[in-house]
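Colleague: Encoded as structure tokens, here's the structure I'll be asking about.
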Amino acid sequence: MTYFKTIICVLCFVMLSFPVLRMPANHVVPAASSALAATDSQDTAVQLPATIAVLPFSIHASEDFSHIQKGVEYMLHSRLSWPEKVRVVPRQKIRTVLNQVDTTDKNRLIKQVADQTDSDLILEGSITRLAGSFSIDAMVYDMKNKRYMTFFEQSADSGELISKVAQVAAGINKQVFDRSTITWEKMEQERRARINELKRKNPEYLMQNPQWQQQDDSPGWKIWKYLF
């Protein structure tokens, strides 16, 4: 019996010594698709000229912030419009189409708006009030490439809300359309200043993580598989 156990142990050791066989990447079975799949897409180019439809932002607050909703729409329309390169669908056209769509499903709604306005991109988002502060969430959908990009900002109060929306618009201009604006350049200067301050205060962290300061803050595209 002792001899038999010894043979078994030797065989197990030999088997564990062999390298694990790995299946080639092109043989991996893809996971089932979902409504919003978080898969990175490295191709960030959006072909210009392009048309973008800006949907009214949802407001999640107990107070009536309809004036803020209108201000956000005006801000995004004016900041995203780029003569001969980016056309923003008129607000009245968007409202007419939304009154005609026959679905409450977000994926189907976005598809119908894109079809009826002949838009390459759809921008939708929300503003949520939390304990006096505001969070701004926006998503840009690239209909042709079936992908989306997210943007987020926080406002300490309603007074700086519009300026934060302007920063969201600057991010969209840069990340989606590769367009630098004055607001974006200011944001970049502030970001570099914060990084330099962190380097000054935490040199030991910089030594331990030499790549941290080179990380790209771009939200990046994600694959969007809408179901209908």
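The values are calculated or read from the model by the stated rules, or taken from the named source; none is laboratory data. Here the structure is a predicted model, which means the values were calculated and not measured. Here the Cβ is made from the backbone with ideal geometry for all residues, glycine too, and neighbour counts use every protein chain on show.
Colleague: Can you tell me how many residues in segment 150-202 are hydrophobic (A, V, I, L, M, F, W, C), outside any helix (DSSP H, G or I) and under 24 Å from Pro83 (Cα atoms)?
Modeller: The qualifying residues number 1.
Colleague: Ok, one more. Among residues belonging to segment 135-147 that are more than 11 Å from Val165 (Cα to Cα) and not acidic (Asp, Glu), point out the one that is surrounded by the fewest Cβ atoms within 10 Å (Cβ to Cβ).
Modeller: For segment 135-147, the residue satisfying everything is Lys144.
Colleague: Cβ-Cβ distance below 6 Å, separation of 6 or more or different chains: which pairs start in segment 113-129 with a residue that is closer than 16 Å to Tyr148 by Cα and end on one that is in a strand (DSSP E or B) and of a type in the set (Ser, Thr, Tyr)?
Modeller: Qualifying pairs under 6 Å: Ser119/Thr51; Asp120/Thr51; Ile122/Tyr141; Ser126/Ser58.
Colleague: If you take the residues in segment 133-177 that are without any contact (Cβ under 8 Å) to a residue 12 or more places away in the chain and of a type in the set (Gly, Ala, Ser), which one is farthest from His60 (Cα to Cα)?
Modeller: Within segment 133-177, the match that is farthest from His60 (Cα to Cα) is Ser163.
Colleague: How about segment 182-228: which of its residues are within 25 Å of Ser163 (Cα to Cα) and at pLDDT below 60?
Modeller: Result: Asp216, Asp217, Ser218.
Colleague: Which residue, of Leu121, Leu109, Leu80, is under 19 Å from Phe177 (Cβ atoms), touching a Ser or Thr at 6+ places or on another chain (Cβ under 8 Å) and surrounded by 14 or more Cβ atoms within 10 Å (Cβ to Cβ)?
Modeller: Leu121
Colleague: In this structure, is Ala35 at pLDDT below 90 and not in a helix (DSSP H, G or I)?
Modeller: Here the answer is yes, as Ala35 does meet what is asked.
Colleague: Residues that are within 18 Å of the chain's Cα centre (by Cα), at least 3 per element: which strands (runs of 3 or more DSSP E) completely within segment 65-149 meet that?
Modeller: Per the criteria, 121-130, 133-142.
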